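Here is the structure we will look at.
The values are calculated or read from the model by the stated rules, or taken from the named source; none is laboratory data. The shown structure was predicted, so the numbers you read here are calculated from the model rather than taken from an experiment. Don't worry about glycine lacking a Cβ; one is built from the backbone with ideal geometry, like all the others, and counts go over all protein chains shown.
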Amino acid sequence: MTDTSTSANQAVPLIRFTDVSKSFGGAQALRDISFEIRPGTVHGLVGANGAGKSTLIRCLAGVNPPDSGSIEIDGELVDIPNPQAAGELGLAFIHQEMSLIPGWDVLRNMSLGMPLVTAGGLIDWRPMRTKALAVAERLGFSFPLSRQVDDLSTADQWLVLIGRALMADARLIAMDEPTASLSAREAERLHAIIRDLVASGATVVFVSHRLDEVTDLCDDITVFRDGTVTRRVVGERLRKAELVSAIVGKDLEIPDHGRDVIDRGDEVLRISSVGDGRMVKDASLVVNAGEVVGIGGLVGSGRSELIKAVYGASRFTTGSVSFDGKNVAFRHPSEAVAAGFGLVPEERRAEGLFLDESIAFNINLARLDSLVVSRLLPFLRLSRGRSRAQAVANQVTVKARSVSALAGTLSGGNQQKVAIARWLIDPPRVLILDEPSRGVDVGARAEVHDVIRALAERGAAVLVVSSDNEELVALCDTVYVMVEGRVSGRLAGPEITVDHLTHLSFENHHERGDAA
Amino acid sequence: MSLTESASPTEVDGAPAARRQRTALLIISKYGTLIAMVILIVIFAIASPGGSFLQPLNLLAILSQSALTAIIACGVTLVLVAGEFDLSIGYTASLAGVLVTGLMSNQGVPIPLAILITVVAGSVIGLVNGLLVAKAGVNAVVATLGVGTAVVGVSFGYSSGQPIVSLPAAFTAIALGRSVLGVPNLIWLMVIVLVILWVLLNRTPLGFRIQATGANRHAAALAGVRTDRAKIAAFVIAGVCAAIAGILLSSQLGSGMVSSGDGYLLDALAAVFLGSATLRDGKFHILGTLIGVLIVNIGFNGLGLVGTPTFFQFVFKGGILVFAVALATIARRYARS
């Protein structure tokens with residue numbers, strides 16, 4: 001952490017935005033943005049999805065130059081027409097979607113875009129390796145440079161990307177949601193590295209929805225809402241509640257869903273000692289009708305693999321799954337869907353949505369058979385499909401021009417609502433949601449939770465996988481925690497607290513085999 | 001509270017010139033190929049001797065010449081929509097021509113049965129392609145190239161490499177006749193096949209599942225779509241369409257020859273890609289494919305009437321494909337930035 005008093009005296013900011021505006025089509029994405037990024041600080045950008053953080057970063061990165069306004073670096077006006085120009089100015093960007101080349105090793109990935117060539121025009125590996133080794137040392141790589149990046153954990157892949165920025169002698173590194181897919185322990189490690197970087201003179205711009213880490217890590221915070229800056233915090237610590245109200249524009253009350261008095265229905269889904277021979281070793285849990293059951297634990301503990309095996313996207317090799325008292329083993333997700341299951345997958349863009357198709361197409365896809373004129377005349381009634389999609393999109397408050405808009409044009413939160421809305425038509429008996437609010441802003445998150453609760457109240461058995469312990473506390477009636485492929489504990493009702501969940505997540509299952 | 005107009009009312013101060021430019025680019029990216037088609041028609045109408053290009057008979061000739069390519073190309077469009085590729089269609093068309101004529105002239109099979117068997121054969125070839133790609137996981141280019149090459153072998157084996165002639169007059173009348181309103185049967189058949197394919201792709205659950213499979217096969221599978229079946233269905237449809245075109249070709253030529261349909265592969269794929277640059281943003285679709293076929297044939301016909309040498313007609317064909325797709329892509333990119 002830098003000393004606030006001295007850095008405040010540094011007259012020239014590293015970057016100064018003055019009245020930066022940008023619009024796409026009719027939509028004004030940024031309106032007169034003005035603020036400064038001080039050198040040697042961690043600068044947090046927070047705001048709801050679609051508030052303008054990513055757009056601003058793209059302006060700085062030269063991906064979408066601003067329509068008007070100016071950007072100064074070290075007090076000098078700069079023009080950043082393309083990403084190359086940003087690189088030459090010492091700006092590096094690490095995006096939500098990882099930009100590593102699979103199949104390449106760490107060294108080649110770190111050296112990407114580095115024009116070190118010999119006199120003969122060939123790549124000169126020796127100086128690059130020397131430099132890469134120094135960077136690896138600085139970042140504390142626990143893997144060799146010859147390792148393929150595919151074999152690294154998500155956290156280590158982030159380190160490689162930071163390493164690439166350092167190889168290019170970046171003065172400013174902007175990170176877009178680096179911790180979204182990291183476990184708490186991995187995130188801590190990344191925080192420590194960011195602090196080290198800043199201590200050695202680098203500047204970090206940090207975009208995150210995890211407000212705890214923002215208040216903890218960032219020296220300065222700029223809050224965006226609807227394309228404008230609503231709050232600038234320079235060198236002071238802000239309480240999370242203040243941050244939330246700056247983001248949402250109003251005080252957010254945490255809904256009490258009264259989980260002590262839930263009316264528990266019949267058992268719908270029972271997973272008994274399921275294993276897949278790989279990540280899942282021994283998982284057992286029960287979901288009743290009308291209940292929201294969570295699966296907590298660290299990333300990599302086998303949670304997503306468990307639900308995919310149950311859903312038929314992969315197979316389980318040991319144990320059994322019973323649905324309404326009958327044993328089931330789906331060989332394909334279509335069998336699960338036909339039986340009354342639904343899944344909102346973890347990777348929204350890769351596995352959940354069709355970004356180049358309309359909202360209506362996305363919503364109707366799982367329920368096409370109920371749109372046809374008749375079995376003998378299998379023609380789709382598209383206008384009915386649109387009104388049906390419109391109705392469920394309204395239920396989850398999707399913000400879009402119409403259901404004919406392409407899903408890819410929506411913000412992350414709205415995309416997630418569309419992914420969930422698909423299962424509001426003729427709701428399934430069992431709905432499984434994997435990380436339902438990852439990359440979703442605070443306001444949309446509360447709305448997503450309301451929808452999930454409402455589905456349960458209408459009798460669905462809901463299973464939620466989440467790495468966000470606060471989400472599990474807010475949402476679930478019962479939570480199972482997985483550690484290394486096994487369910488290590490079960491918490492119910494008032495027992496569900498962040499402390500308990502964290503404790504169980506790091507628990508060694510051998511010490512506490514059958515808790516609960 | 002939701003689904004409201006998100007555009008703010010105060011955006012008008014954003015430079016109107018830039019907006020006009022963006023609109024123009026969007027029009028070029030969506031309607032560029034259509035505009036090119038209209039321009040071609042106007043040029044040929046003026047330049048052809050005595051305006052012969054616009055004579056009804058010439059226009060019908062263009063449509064007739066387009067019919068077989070359009071049927072094959074629209075069939076393979078479904079495979080491309082499903083995110084795969086099919087290199088076997090030309091060879092399937094050739095085999096269909098050999099098979100349907102051989103069944104009639106060598107085995108004495110009645111015309112309707114010969115046609116039925118041939119169409120089934122086309123669907124079987126599509127099924128093999130589909131199973132190899134969707135079930136065995138073989139790369140589509142490799143699988144369909146292999147199957148297509150094997151199909152060539154079957155054609156040679158069945159016909160001993162000799163053209164099959166002396167066909168019943170009723171068979172040649174299928175392609176050459178003008179049963180309704182004096183319009184050639186080929187045009188009617190093209191319209192029927194294309195309407196069926198369009199409805200199938202855009203108005204049935206199967207069509208939506210094929211689209212979903214091509215757009216994002218992981219998401220489609222997790223939403224309960226049998227992506228393997230969608231792909232297989234697309235390959236089968238492409239095989240059937242290739243067989244229909246091959247049957248019509250042999251009817252038109254009055255003979256079955258082992259390599260008569262091979263050339264349709266590249267013509268069909270060119271039309272599909274040309275069509276993807278039309279009306280919808282880089283997506284494959286039936287109407288676009290039809291327009292792609294028409295542009296190429298209008299160009300060929302018109303250049304012939306104007307008296308251009310043959311070599312130039314091929315340069316035109318290749319040139320318009322690359323030019324149209326590149327123009328649409330570039331216009332789209334600028335319109336978005």
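Taking the conditions (1) surrounded by fewer than 19 Cβ atoms within 10 Å (Cβ to Cβ); (2) part of a helix (DSSP H, G or I) in turn, A:Ile452 satisfies each one other than (1). Restricted to the range B:231-337, the set of helices (runs of 4 or more DSSP H) holding at least 3 residues that are modelled with pLDDT under 85 comprises B:310-336. For the range A:356-380, how many residues meet the condition of being farther than 22 Å from A:Pro345 by Cβ and either polar (S, T, N, Q) or more than 9 Å from every other protein chain (Cβ to nearest Cβ) (or both)? Residues in the range A:356-380 being farther than 22 Å from A:Pro345 by Cβ and either polar (S, T, N, Q) or more than 9 Å from every other protein chain (Cβ to nearest Cβ) (or both): 6 in total.
Annotation: A:Leu433 fulfils all but one of (1) more than 14 Å from chain B (Cβ to nearest Cβ); (2) crowded, with 21+ Cβ neighbours inside 10 Å; the unmet one is (1). Name the single residue, out of those in the range A:184-209 being in contact (Cβ under 8 Å) with a residue 40 or more places away in the chain and under 19 Å from the mean Cα position of the chain (by Cα), that is nearest to A:Ile37 (Cα to Cα). Only one residue tops the list, namely A:Val205. Among the residues of the range A:124-173, which ones are within 15 Å of A:Asn109 (Cβ to Cβ) and among the β-branched types (Val, Ile, Thr)? A:Val135, A:Val149, A:Thr154, A:Val160, A:Ile162, listed by residue number. One residue stands out among those in the range A:312-335 that are in contact (Cβ under 8 Å) with a residue 40 or more places away in the chain and part of a strand (DSSP E or B): the one that is nearest to the other protein chains (Cβ to nearest Cβ), which is A:Phe323. Condition test on B:Gln252, is it within 14 Å of chain A (Cβ to nearest Cβ) and not aromatic (Phe, Trp, Tyr)? The answer is no for B:Gln252.
For A:Glu351, are the conditions met, namely being assigned to a loop (DSSP other than H, G, I, E, B), acidic (Asp, Glu), within 13 Å of chain B (Cβ to nearest Cβ) and out of contact with any Gly (no Cβ under 7 Å at 6 or more places or on another chain)?
On the way: assigned to a loop (DSSP other than H, G, I, E, B): no; acidic (Asp, Glu): yes; within 13 Å of chain B (Cβ to nearest Cβ): yes; out of contact with any Gly (no Cβ under 7 Å at 6 or more places or on another chain): yes.
So A:Glu351 does not fit the description; no.
The set of residues from the range A:27-67 being in contact (Cβ under 8 Å) with a residue 40 or more places away in the chain, among the aliphatic types (A, V, I, L, M) and more than 22 Å from A:Gln415 (Cα to Cα) comprises A:Ile33, A:Ile37, A:Val42, A:Leu60, A:Ala61. Scanning the range B:210-230 for residues that are part of a helix (DSSP H, G or I), surrounded by fewer than 24 Cβ atoms within 10 Å (Cβ to Cβ) and within 8 Å of another protein chain (Cβ to nearest Cβ) yields B:Ala215, B:His218, B:Ala221.
So is B:Val79 more than 24 Å from B:Ala61 (Cβ to Cβ) and touching a helix residue (DSSP H, G or I) at 6+ places or on another chain (Cβ under 7 Å) or not? If you could, list the steps in order and put the result at the bottom.
Values: more than 24 Å from B:Ala61 (Cβ to Cβ): yes; touching a helix residue (DSSP H, G or I) at 6+ places or on another chain (Cβ under 7 Å): yes.
The answer is yes for B:Val79.
Considering the range A:234-281, the residues that are of a type outside the set (Gly, Ala, Ser), modelled with pLDDT of 85 or more and buried (at least 17 other Cβ atoms within 10 Å of the Cβ) include one that is farthest from A:Leu306 (Cα to Cα), namely A:Val268.
Taken over the range A:39-55, residues that are surrounded by 22 or more Cβ atoms within 10 Å (Cβ to Cβ) and modelled with pLDDT of 90 or more amount to 5. Cβ separations smaller than 6 Å between residues 6+ apart or across chains give the following pairs from the range B:87-100 residues that are assigned to a helix (DSSP H, G or I) to residues that are of a type in the set (D, E, K, R): B:Gly90/B:Asp262; B:Ser94/B:Asp262.
Which one is nearest to the chain's Cα centre (by Cα) among residues in the range A:455-470 that are farther than 18 Å from A:Gly302 by Cα and crowded, with 21+ Cβ neighbours inside 10 Å? Before you say what the answer is, go through the steps one by one.
Looking only at the range A:455-470, we keep the residues that are farther than 18 Å from A:Gly302 by Cα, and these are A:455-462, A:470.
Now narrow it down to the ones that are crowded, with 21+ Cβ neighbours inside 10 Å: A:455-456, A:460-462.
On the way: A:Leu455: 23, A:Ala456: 24, A:Ala460: 25, A:Ala461: 24, A:Val462: 21 Å.
Across the range A:455-470, the extreme among qualifying residues is A:Val462.
The single condition from (1) out of contact with any Phe, Trp or Tyr (no Cβ under 8 Å at 6 or more places or on another chain); (2) buried (at least 18 other Cβ atoms within 10 Å of the Cβ); (3) not in a strand (DSSP E or B) that A:Ile101 fails is (2). Name the pairs: first residue in the range B:292-307 and within 22 Å of B:Gly282 (Cα to Cα), second residue of a type in the set (Lys, Arg), Cβ to Cβ under 6 Å, at least 6 apart or on different chains? From residues that are within 22 Å of B:Gly282 (Cα to Cα), the pairs are B:Val296/B:Lys317. Within the range A:139-163, being in contact (Cβ under 8 Å) with a residue 60 or more places away in the chain and out of contact with any Ser or Thr (no Cβ under 8 Å at 6 or more places or on another chain) holds for A:Ser153, A:Trp158, A:Val160, A:Ile162. If the condition is being in contact with a helix residue (DSSP H, G or I) (Cβ under 7 Å, 6 or more places away or on another chain), more than 8 Å from every other protein chain (Cβ to nearest Cβ) and without any contact (Cβ under 8 Å) to a residue 40 or more places away in the chain, then the range A:391-416 contributes only A:Val392.
Taking the range A:397-411 as the search range and keeping residues that are out of contact with any Ser or Thr (no Cβ under 8 Å at 6 or more places or on another chain) and surrounded by fewer than 22 Cβ atoms within 10 Å (Cβ to Cβ), which one is nearest to A:Cys476 (Cα to Cα)?
Restricting to residues being out of contact with any Ser or Thr (no Cβ under 8 Å at 6 or more places or on another chain) and surrounded by fewer than 22 Cβ atoms within 10 Å (Cβ to Cβ), the top hit is A:Ser411.
Looking at A:Leu472, is it under 17 Å from A:Ile307 (Cα atoms), of a type in the set (A, V, I, L, M, F, W, C) and assigned to a helix (DSSP H, G or I)? Before you say what the answer is, go through the steps one by one.
Numbers: under 17 Å from A:Ile307 (Cα atoms): yes; of a type in the set (A, V, I, L, M, F, W, C): yes; assigned to a helix (DSSP H, G or I): yes.
Yes; evaluated as a whole, the condition is true for this residue.
Please tell me if A:Gly312 is under 16 Å from A:Met482 (Cα atoms), under 30 Å from the mean Cα position of the chain (by Cα) and outside the structural domain of A:Glu186 (by TED's automatic domain parsing).
Details: under 16 Å from A:Met482 (Cα atoms): no; under 30 Å from the mean Cα position of the chain (by Cα): yes; outside the structural domain of A:Glu186 (by TED's automatic domain parsing): yes.
For A:Gly312, the condition - under 16 Å from A:Met482 (Cα atoms), under 30 Å from the mean Cα position of the chain (by Cα) and outside the structural domain of A:Glu186 (by TED's automatic domain parsing) - is not met.
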